[in-house]
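The values are calculated or read from the model by the stated rules, or taken from the named source; none is laboratory data. As the structure is a prediction and not an experimental result, all values here were calculated from the model. Cβ placement follows ideal geometry from the backbone for every residue including glycine, while neighbour counts extend to all protein chains displayed. These area figures cover heavy atoms from the full protein model, side chains too; ligands, DNA and RNA do not enter into them. Shrake-Rupley method; radii C 1.70, N 1.55, O 1.52, S 1.80 Å.
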Amino acid sequence: MSSVAYLVFVHYGFYKLVIKSMRRVKIIGTGSYVPEKVLTNRDLEKIVDTSDEWIRTRTGMSERHIASEKDKASDLAIKAAHRALKDNNIPSEDIDIILVATATPDMFFPSTACFVQSSIGTKRSVAFDISAACSGYIFALSVAEQYIKSGKYTTVLLVSTEVCSRYIDWTDRNTCVLFGDGAAATVLKGVNGNRKDGIISTHIYSDGRYADLLYMRGGGSSYPLNHESIDNKLHFLKMKGNALFKIAVKNMTEVAREALAFNGYKISDIDLLIPHQANKRIIDAVAKNLDIPQEKIFINIEKYGNTSAVSIPLALDEALKEGRIEKGDLILMVAFGGGLTWGSALIKW
Ligand code: UT7
C-alpha cells in the first residue's frame, strides 16, 4: 500500500469512528392502540368479591381495556405500528428491524414480530420478540439503541403488545382487577451530528432469584399444557403482590437515581417521569423517594390498569399527544417487571 493510500485508509477509519461516536438515537414516531371494550371496577364487582373503592384506593385503577376474543397480540401491535409510522409519514420500507416486546405473544413461535413484519410489508427487515415482562419496552429500547449506535441498523420499529386478559384467572381477585390489554409502538432512527437530543442512556437489570414472584408456568417445557396443568390453573398468571411491591419501589428508585448520576443530572432537571404503571401507590412511593413533584409524573393507570410492556410507550404516546413533552425536555422512564427485570431510559427530546 502506498503511503498516500495508507493515510486515506487511516483517515477513513478515524472518520467512521467519529461519526459512530456522534450517532444519536432519536424517537421519530409514536402510536398506540387499545381495544374498544372497557372493563370498569363496577363490572369487576359482578365477577369477583371486590369493590370499586378497594381497587381505586389500593391501585389507582378505574378501568382497563380488554381485547375481543378474535384479537391476538399481533393484531393490536399492527394497529399501533401503523399509527407510529403514520405519525411522521415514515415509509415501512425504511425499517431495518422490528422488535416486539411482549409477555403474551400470539404463540411460542413464530415470534409475534414475524407476524407484524408480514402484515406491514417490510420484507427486508429482521424481526424478533423480546421477553422481559413489564420491563420489555425498556429492554427493547436498549437493544435498539445498541444496534443503531453500532451502525448496524438505522431505523427500528419497536412495538409493545399485550393481551394480558387471556392469561388471567377471572376468579382470582388478587390479579384479575389489575391487568389490561393494548399496544404501543415507537419508531427509532439513527442520526448523525453533535446535537444533544435522543437517547442519553439506558440501564437494564435482571435477577432470576425472584422468578417466583410473578410468573405464568403452564404451556412451556416445564409444565406442558395437558389436563393436569389446566386443572391446576397453571395457564394463568400468578403473583406475590406484597413482595413485588416493595422490590418495585426500591429498584425503580435506584435505577432512576443511577440514570441521573451516570449522566450528571439532578432530579430537578427532569421535565417528565414516565414510570411503569403497575400501581399508583408504587408510583407515589418512587416519587416520594426521588422527591419529584406529581405534576412532573405522567400517570394514566386509572384508564388502562397494568398493561405490562405497553404501559410506558402508551404513556409516552399520550404525553406527546397531550402536549406534555416539548423539544429539549428531559424524559426519564423507569420500568419494573417479572423476571425480575427493571431498567431506565433517559431521553433528551
Ligand atoms: O407490573 C409489575 C409487577 N406488578 C407489581 O409490581 C404489583 C405489585 N403489587 C401490588 O400492586 C399490590 O401488592 C396489589 C395491588 C397486588 C395488592 O395490594 P396490597 O395492598 O398489597 O394488598 P394485599 O395483597 O396485602 O391484600 C390486602 C387484602 C387481603 O385481604 P386480607 O387477607 O387482609 O383479608 C386481600 O385478600 O386485600 C384483599 N384483596 C382484595 N380485596 C378486594 C386482594 N385483592 C382484592 C380485591 N378486592 N381485588
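Solvent-accessible area per residue in the chain equals 47 Å², computed with a 1.4 angstrom probe and all protein chains kept.
Full extension of the chain segment joining F108 with D231 gains 42.1 nm, where the gain is 0.36 nm per residue of separation less the Cα-Cα distance. Calculated on the Cα set of the chain, radius of gyration then Dmax: 20.9, 83 Å. Listed by chain and number, the lysines whose C-alpha is less than 22 Å from the C-alpha of K70, apart from same-chain residues fewer than 8 away, are K37, K79.
Consider a paramagnetic label point 7 Å from the Cα of Y265 along Cα→Cβ; state which residues of the stretch 196-223 have an amide N under 14 Å from it. Correct set: 196-203. Shown here for the stretch 40-130: GluC sites (Glu not before Pro) in loop regions (DSSP other than H, G, I, E, B) with at most 13 other Cβ atoms within 10 Å, namely E69. Protein-only accessible surface at a 1.4 angstrom probe places the residues H65, H235 in the order H235, H65, largest first.
Under the combined filter of DSSP loop state and at most 10 neighbouring Cβ atoms within 10 Å, the stretch 260-349 retains these trypsin sites (Lys or Arg not before Pro): K266, K327. Between the beta carbons of K327 and D207, assuming R0 = 35 Å, the FRET efficiency works out to 0.40 to the nearest 0.05. Straight-line cross-link partners of K240 among the lysines, defined as a Cα under 23 Å from its Cα and at least 8 positions apart when in the same chain: K250, K280.
Return the tail of the calculated pair distribution for the stretch 40-142, meaning the percent of Cα-Cα pairs more than 17 Å apart.
Taking all Cα-Cα pairs of the stretch 40-142, the fraction more than 17 Å apart is 63 percent.
All other residues whose Cβ lies under 11 angstrom from that of R217 are scored, Lys and Arg at +1 and Asp and Glu at -1, for a net of +1. Here's the list of aspartates and glutamates a cross-link from K266 could span, going by alpha-carbon distance under 20 Å and ignoring same-chain residues fewer than 8 apart: D197, E254, E258, D284, D291, E295, E326, D329.
Against the chain, whose longest principal axis comes from its Cα atoms, helix 280-290 is set at around 50 degrees.
Taking loop as defined by DSSP and a crowding limit of 10 other beta carbons within 10 Å, which chymotrypsin sites (Phe, Trp or Tyr not before Pro) in the stretch 47-118 fit?
F108
Leaving ligands, DNA and RNA out of it, report the carbon-plus-sulfur percent of the accessible area of the chain at a 1.4 Å probe. After summing per-atom areas, the C and S share lands at 55 percent.
Note: relative contact order over the chain, using C-alpha pairs below 8 Å and six or more positions apart, is 24 percent.
How far, in degrees from 0 to 90, does helix 311-321 lean away from the longest principal axis of the Cα atoms of the chain, to the nearest 10? Helix 311-321 and the main axis of the chain meet at about 70 degrees.
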